[in-house]
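Let me begin by presenting the structure, written as structure tokens, before commenting on it.
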Amino acid sequence: MKRHIKNIGLIFIGSLVSISQGVAQPEFIQHQVTNTFTKGADVISVDLDKDGDMDIIGVNTHTVAQVAWWKNNGFNEFTKVIIRDNLSSARSVRAGDLNDDQENDLVVAVYGADDIIYLENDGNESFTEYVVDSNFVGAHTIDIKDVNDDGNMDILCSGFDYYFHNGEIAWWENDGLAPIGWTKHLISDRFQQSPFIYGEDMDNDDDLDIVACGELNDEILWWENDGNENFDEHMVDSLIDAIHTVIARDVDLDGDMDILASACMSSQIAWYENDGSQDFIKHPLGYFAGALWLDATDLDNDGDRDLFGAPQGATMLAWWENNGTQQFNKHNITSNFTQSFCVVPTMMDNDNDTDLVAIGWQSNKISWFENKLEDPNLFDIPESVVYDSEYNRYLISNCGNGSIVQIDSLGQQSYFNTDLTVSVGMHIVGDTLFVSSDEGEYTGVVGFLLSTGEIVFYVDIVEKQLLNDITSDLTGNLYVTDSDANRIYKVNINDLTYSTFVSAGLGWPNGIMYDMANNRLLVLSCSLPNRPLLAVNMEDSTVSTVVNTGTNANDGITADNYGNTYFASWSNGKVYRYDESFTNPPEVVSSGHSGPADIFFNKLNNILAVPNTNSNSVDFIPITFTNQKEINQEDVKIIRLFPNPFTDQIQFDFYLSEKTLTKISVYDILGNKIAELINEELSRGDYSISWNGKDDNGSLKPGIYFIAFNIGDYFKTFKIIKH
């Protein structure tokens, strides 16, 4: 445990407070990332460094333009990293894994130089630049998709030229070699000024079609792929004045792709309903000053697609609430944000509602807009987590304000109890949750009835200094570590008495766990040399060393059903696992956490729950067993998921070296299996599977999910985000 001191501006009174998370409409709070990015033109949000939080990438149309990365430290505090500078007016940037190494690369349209460049990410925050095309006139908007279905990500781009050159829309074929070779394929040159291109399967025949528009032609078209990358042109609308942006989304959730359109110079926005036969019905959405962007996602978590947009001519972003029948009611996002060129969905604060990131051309700003729908995030320096099987919920203690939060089976947060000033370690015995607390009215061990949240037990530990973790044996005794006093207290549940069980040799004891198989206490030391895991004899309280972890700042400890012991290090954000022998070096089972504290292994669902004290979040990680090994690239080619985050569908690509039983399942953050995508024996070869982002009941809210691959004796789990 790391104790934080902070002012608490809100005091809750009473034994049990239950607060619902949902509200009628989202409220967006603007957080400025920068106001010095001159003439910002395009922005995306992606976890570029794969540390578990969302970063921001932007480009600008300055004469010495940059490709810049605002790196998220896990607290939504951003540090600017210049990836490439001195470009001549960069207009568009997209991220994707182009060389199949599981890293997010970048592709940039450099409008002022007629260049398309590919920035290869080596995984260590270093990028190598390759020129894809040095003479693509008016390179404007990029898309990254697998056009020819060969497992390699290709590049799409539109050409926007003021000077009477017919702008091309084209794609560049990725040959899959190292370095990648690119072959240009022209789709059309019918537009003089083509500002936007988007790849999507418009006719549900499992190949990639193209949607694009012409600003001077006032046209939206889509090009049908015959399966061999021959494209047949189809008109969508020839009467939308100065059309600028077209994006394909399934707006009405009927299984086919519709089109969203915005026209900045005529201030028009509309969506085009696909009738299933690729005849499009136009639905105008009214005046939107300088409309430059329109997209769709579920912003209010009611199961339908809302719209959101960026205006070049207005001072506010806006969103359109879908009533469930595609009748849209406009709401301004009440923050001043002028000349916005682009706004994209993201999940910046991991609270299961969709936030937005926008870039402003005239204001030189990039901001993210926090969606307060699932608000507030009730975690305030979360310290400990336990699973209550009786009520199918997780309970999380907050060091910051003393509250105890419950997360139900749907992932909704509410307060279980708010009586304490500081809540630290937690442990369930029978029908009671026991909590250690050393500040405020209660300074000792407090017991709460699980059914009501009522306080039914209290033992004041008078000489306490810094109470920490808590566990129990099989005879009705609790054991509590006191880190500052270098002690373990023994508390009798039946007669409400306590005594000092160990008073020396612990070295700032933190996490504690009763090891039933060996009838001993296991305790993590934070200050003894080599940071040992200690064993305490239950008969005479003697202390011995089980193993030297060699890891600084060890915190929580837990165990699974298979004799493995896990411990968290908040200094490096990792969770380690020892096998039951403790003779082999510990393996890292999870990383990228932000101050992981008192972890918990849910033995019913094989879920490792990790509270992050620094980022006010809890991670739920599925753990797979059957004597499995991590996926070996000799047997299973690197699994690739794209796009991630995703809105309508996500694709998984992998290669099997031999005939293998393959299972692919989707889990929510609580470990519930929500969809099984495949469970059969597959032959050797390449495979590509698409998932529409829906559970077995045909719907799924935006949020964080896990894809678990069980391939023969191998396993791999990936975190994915649905917008």
Criterion: in a loop (DSSP other than H, G, I, E, B) and within 28 Å of residue 603 (Cβ to Cβ) - qualifying residue of 424, 456, 446, 462 | 424
Per the filter on the stretch 417-434, residues in contact with an Asp or Glu (Cβ under 9 Å, 6 or more places away or on another chain) and either surrounded by 22 or more Cβ atoms within 10 Å (Cβ to Cβ) or closer than 23 Å to residue 492 by Cβ (or both) are 417, 419, 420, 422, 423, 424, 425, 426, 427, 428, 431, 433
Which of the residues that make up the stretch 690-711 are under 22 Å from residue 151 (Cα atoms) and either part of a loop (DSSP other than H, G, I, E, B) or open to solvent by 40 Å² or more (accessible area, probe 1.4 Å) (or both)?
-> 690, 692, 693
Residue count, the stretch 691-723 (criterion: over 19 Å from the mean Cα position of the chain (by Cα), farther than 16 Å from residue 301 by Cα and without any contact (Cβ under 8 Å) to a residue 60 or more places away in the chain) | 2
If the Cβ limit is 9 Å and pairs must be 6+ apart or interchain, which residue in the stretch 634-645 that is under 23 Å from residue 346 (Cβ atoms) pairs with which residue that is at pLDDT below 80 and open to solvent by 40 Å² or more (accessible area, probe 1.4 Å)?
-> 644/719
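Take the stretch 146-169 and flag every residue that is in contact (Cβ under 8 Å) with a residue 40 or more places away in the chain and either among the β-branched types (Val, Ile, Thr) or over 26 Å from residue 242 (Cβ atoms) (or both). Before you say what the answer is, go through the steps one by one.
The first filter runs over the stretch 146-169 and keeps only residues in contact (Cβ under 8 Å) with a residue 40 or more places away in the chain, leaving 146-149, 151-153, 155-158, 160, 167, 169.
Within the stretch 146-169, 146, 147, 148, 149, 151, 152, 153, 155, 169 meet the criteria.
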In the stretch 538-548, anything without any contact (Cβ under 8 Å) to a residue 24 or more places away in the chain and more than 15 Å from residue 500 (Cβ to Cβ) is listed as 539, 544, 545, 548
In the stretch 114-142, which residue that is open to solvent by 40 Å² or more (accessible area, probe 1.4 Å) and outside any loop (DSSP other than H, G, I, E, B) is farthest from residue 174 (Cα to Cα)?
-> 127
For residues that are modelled with pLDDT under 85 and farther than 21 Å from residue 507 by Cα, scanning just the stretch 546-571, find the one that is surrounded by the fewest Cβ atoms within 10 Å (Cβ to Cβ).
-> 561
Counting only strands (runs of 3 or more DSSP E) entirely within the stretch 267-340, those with at least 1 residues that are open to solvent by 10 Å² or more (accessible area, probe 1.4 Å), modelled with pLDDT of 95 or more and not charged (D, E, K, R) are 268-274, 280-287, 291-297, 328-333
Going by the conditions given, is residue 377 over 26 Å from residue 261 (Cα atoms) and open to solvent by 40 Å² or more (accessible area, probe 1.4 Å)?
-> yes
Give the number of residues within the stretch 493-507 that are surrounded by fewer than 19 Cβ atoms within 10 Å (Cβ to Cβ) and either in contact with a strand residue (DSSP E or B) (Cβ under 6 Å, 6 or more places away or on another chain) or assigned to a loop (DSSP other than H, G, I, E, B) (or both).
-> 9
Here is a list of conditions, (1) farther than 12 Å from residue 157 by Cβ; (2) buried (at least 22 other Cβ atoms within 10 Å of the Cβ), and residue 109 meets all of them except one; can you say which number that is?
-> (1)
Which fully enclosed strands (runs of 3 or more DSSP E) of the stretch 146-224 have 3 or more residues being more than 22 Å from residue 135 (Cβ to Cβ) and open to solvent by less than 20 Å² (accessible area, probe 1.4 Å)?
-> 209-214
Some residue of the stretch 472-485 being open to solvent by less than 10 Å² (accessible area, probe 1.4 Å) and closer than 19 Å to residue 400 by Cα = yes
The residue from 490, 574 that alone is of a type in the set (Lys, Arg), open to solvent by 30 Å² or more (accessible area, probe 1.4 Å) and either within 30 Å of the chain's Cα centre (by Cα) or closer than 30 Å to residue 53 by Cβ (or both) is 574
Among the residues of the stretch 648-660, write down those that are farther than 24 Å from residue 257 by Cβ, assigned to a strand (DSSP E or B) and touching a Leu at 6+ places or on another chain (Cβ under 8 Å).
-> 656, 660
Is it the case that some residue within the stretch 391-400 is more than 25 Å from the chain's Cα centre (by Cα) and open to solvent by 20 Å² or more (accessible area, probe 1.4 Å)?
-> yes
Kindly indicate the residue of the stretch 73-96 that is open to solvent by less than 60 Å² (accessible area, probe 1.4 Å) and farther than 29 Å from residue 197 by Cβ and also modelled with the lowest pLDDT among those meeting that condition.
-> 74
For residue 62, which of the numbered conditions (1) within 22 Å of residue 355 (Cα to Cα); (2) free of Cβ contacts under 8 Å to residues at least 40 places away in the same chain; (3) in a loop (DSSP other than H, G, I, E, B) fails to hold?
-> (1)
Looking for whichever is at pLDDT 80 or above and either in contact with a helix residue (DSSP H, G or I) (Cβ under 6 Å, 6 or more places away or on another chain) or open to solvent by 70 Å² or more (accessible area, probe 1.4 Å) (or both) here; the options are 719, 663. Which one fits?
-> 663
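The rows are residues; the columns are (1) in contact with a helix residue (DSSP H, G or I) (Cβ under 9 Å, 6 or more places away or on another chain); (2) polar (S, T, N, Q); (3) at pLDDT 95 or above; (4) under 18 Å from residue 582 (Cβ atoms).
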residue: 447; (1), (2), (3), (4): no, no, yes, no
residue: 451; (1), (2), (3), (4): no, yes, no, no
residue: 487; (1), (2), (3), (4): no, no, yes, no
residue: 490; (1), (2), (3), (4): no, no, yes, no
residue: 518; (1), (2), (3), (4): no, yes, no, yes
residue: 526; (1), (2), (3), (4): no, no, no, no
residue: 531; (1), (2), (3), (4): no, no, no, yes
residue: 534; (1), (2), (3), (4): no, no, yes, yes
residue: 538; (1), (2), (3), (4): no, no, yes, no
Members of the stretch 174-221 that are among the basic types (Lys, Arg) and either in contact with a Ser or Thr (Cβ under 8 Å, 6 or more places away or on another chain) or farther than 25 Å from residue 106 by Cα (or both) | 190
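The values are calculated or read from the model by the stated rules, or taken from the named source; none is laboratory data. No experiment lies behind these values; they were computed from the predicted model shown. Positions of Cβ are backbone-derived with ideal geometry, glycine not excepted, and every protein chain shown enters the neighbour counts. For the accessible areas, the whole protein counts, side chains as well, though only heavy atoms, and no ligand, DNA or RNA atoms are used. Shrake-Rupley method; radii C 1.70, N 1.55, O 1.52, S 1.80 Å.
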